[in-house]
Amino acid sequence: MANSSSAYRRILLRIGIAGVVVFAGLQFVRPELKNPEVTNELQAPPEVKDILRSACYDCHSNETKLAWFDQVVPAYWLVVRDVKTARQHLNFSELGAQPAAKQRAMLYEAINQVQLGAMPLAAYRRMHPEAHVSESELAVLRHYLETSTPQPEVSAAEVSAAEKQFSDWVAAGPASAKPPAAPNGIEFPADYRNWTPISSTDRFDNQSLRVILGNDTALKAIAENHINPWPDGSILAKVAWTQQKDGQGMVRTGAFQHVEFMIRDSRKYASTKGWGWARWRGTGLKPYGDRPSFSDECVGCHEPVQGNDYVYTAPIRGQR
Amino acid sequence: MRLRNRFATVFTAVAAVLLSGCTAPNPLIATHLNETAAFGGGVKLNPLQGKVITSWVDRRTAAMSTLTGNETAVRYARAGGGPAYPAGSTLSLATWGQVEDGRWFGARIPGAPRSVEIVTVSQDANGQRLYSYQKYEGAPLKRVVSREAGPADERLQFLISQRASVLP
């Protein structure tokens, strides 16, 4: 009995030593994670930058600072992957090189991700509680964007361009040429014009007006309040126009910008969260994206509302 | 036995660390219809059943509106026809107060309904256009205006003069 117990311990000891050796050896398998030079850092007030620095910069900048436990393999591998992915999407050390509108759009997206609890990532927050953005810090970020987002008047040239776009559209008539399919193969749902409005949006972050339309399947789902998940066959269309202001407080739809679609088919679009994503821009209806994987960008932006079947819009009750 | 106990202890500790960071689902994401903006009361013609002609925002009153129409009205508006809607046209304007979109900072969406206005176009035996105008207000919505309207009616002119939004 004593002998078998002793043998059992020896086996465990060997397994333990082997584990330690393998663990130690793996520490030398370290993908490189550099901090490139900070070239065009976002310009923002110190109180805003302090919050971003504390909550975002470890992943979304060239000033990554790893805690000791982040540097232990295998955690290190995950950290390297996350930082590289994060920098590709948003890098505060380089964001300053982008046009002002693009910088602002990225900041709005970032703050919305924080507000919806999607960022910082839950796993990161668990290990870095100091990265949590408090309500008061969120208020600072929101105030900064609210007060720094320009709300420009519309130029005469923009009004003329919108007028011409309208005239050309009327002249072309409803049977204009069918646009090319989106890079993921989705064909343009031309009958969207005759779908029913389920909500609308006044976007002061990017000065657009939007109307959200639903097809019959979507309307039935709304009427029955079965919108999570939406039934297969549901299609939501969001149409965006520029804001055309008359200088007296009225804001009308100006030039058509784009129409984008979420098409529900849980099997066909299983790889993109059960939705087919597509967008066509301008009255020429040029498909958005240059490869099928452009949908990843759509899914990424809708990730914070995955608990709502990836839909941001709350449809107005009472379509039927 | 001691080893098993230790394993259980370590496992529990790791699980506790991982779970302690879990948070309740964000209420902003909870699935819901926009009940606040729903039309109730005595509106016989649901303005959300029509097709979109256009929409606008009035910053002075923090209100947003969507103008819809029946098939006759929409076909005419999208052909760039101007204010002379043909007989058989029905236009509905739904107006809401604006509220912040809880799911997107940077957006405002329909809040409580302010009014519903309905214009119907007909014609008399001489082919002369006739307009009727109805307005619903309050919560629940009640009809507060119902009148025959002529070309000089300012509100009627405003509603039938709005250009259709481009929907290519």
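The values are calculated or read from the model by the stated rules, or taken from the named source; none is laboratory data. Quick caveat: nothing in here was measured; it's all calculated off a predicted structure. Every residue, glycine among them, receives a Cβ derived from its backbone with ideal geometry; neighbour counts consider all protein chains shown. Quick note on the areas: whole protein, heavy atoms, side chains included, nothing else; ligands and nucleic acids left out. Shrake-Rupley method; radii C 1.70, N 1.55, O 1.52, S 1.80 Å.
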*asked:* Suppose we keep only residues that are at the interface with chain B (Cβ under 10 Å from one of its Cβ atoms) and among the β-branched types (V, I, T) within the range A:104-137. Which one would you say is farthest from A:E41 (Cα to Cα)?
replied: A:V114
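A quick yes/no check of all residues on (1) assigned to a strand (DSSP E or B); (2) charged (D, E, K, R); (3) at pLDDT 70 or above:
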| residue | (1), (2), (3) |
| --- | --- |
| B:L3 | no, no, no |
| B:V10 | no, no, no |
| B:T31 | no, no, yes |
| B:T36 | no, no, yes |
| B:L48 | no, no, yes |
| B:V52 | yes, no, yes |
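Residue-by-condition table, conditions (1) more than 14 Å from chain A (Cβ to nearest Cβ); (2) not in a strand (DSSP E or B):
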site: B:G111; (1), (2): no, no
site: B:S115; (1), (2): yes, no
site: B:S122; (1), (2): yes, no
site: B:A125; (1), (2): yes, yes
site: B:Y133; (1), (2): yes, no
site: B:P140; (1), (2): no, yes
site: B:V145; (1), (2): yes, no
site: B:Q162; (1), (2): no, yes
site: B:V166; (1), (2): no, yes
*asked:* Tell me whether the range A:199-207 contains one or more residues that are basic (K, R), at the interface with another protein chain (Cβ under 8 Å from one of its Cβ atoms), open to solvent by 20 Å² or more (accessible area, probe 1.4 Å) and more than 20 Å from A:I316 (Cβ to Cβ).
replied: no
*When A:Y76 is evaluated against the numbered criteria (1) among the hydroxyl-bearing types (S, T, Y); (2) closer than 27 Å to A:E137 by Cα; (3) open to solvent by less than 80 Å² (accessible area, probe 1.4 Å), which criterion, by number, is the only one it fails?*
(2)
*asked:* Need the failing condition index for B:W96 against (1) touching a Gly at 6+ places or on another chain (Cβ under 7 Å); (2) open to solvent by 50 Å² or more (accessible area, probe 1.4 Å), just the number.
replied: (2)
*Hey, among the residues in the range A:208-230 that are open to solvent by 50 Å² or more (accessible area, probe 1.4 Å) and assigned to a loop (DSSP other than H, G, I, E, B), which one's nearest to B:D58 (Cα to Cα)?*
A:N225
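Listed here are the residues, each with its yes/no results for (1) over 11 Å from the mean Cα position of the chain (by Cα); (2) buried (at least 22 other Cβ atoms within 10 Å of the Cβ); (3) not assigned by TED's automatic domain parsing to the domain that holds A:V170.
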residue: A:W275; (1), (2), (3): yes, yes, no
residue: A:G284; (1), (2), (3): yes, no, no
residue: A:C298; (1), (2), (3): no, yes, no
residue: A:H302; (1), (2), (3): no, no, no
residue: A:A314; (1), (2), (3): yes, yes, yes
residue: A:R317; (1), (2), (3): yes, no, yes
*Residue in the range A:144-159 that is modelled with pLDDT under 90, crowded, with 18+ Cβ neighbours inside 10 Å and within 30 Å of A:Q257 (Cβ to Cβ) present*: yes
*asked:* A:E187 - would you say it is free of Cβ contacts under 8 Å to residues at least 12 places away in the same chain, surrounded by 14 or more Cβ atoms within 10 Å (Cβ to Cβ) and either farther than 25 Å from B:G106 by Cα or within 12 Å of chain B (Cβ to nearest Cβ) (or both)?
replied: no
*Of everything in the range A:251-273 that's part of a strand (DSSP E or B) and more than 14 Å from every other protein chain (Cβ to nearest Cβ), which residue is surrounded by the fewest Cβ atoms within 10 Å (Cβ to Cβ)?*
A:I263
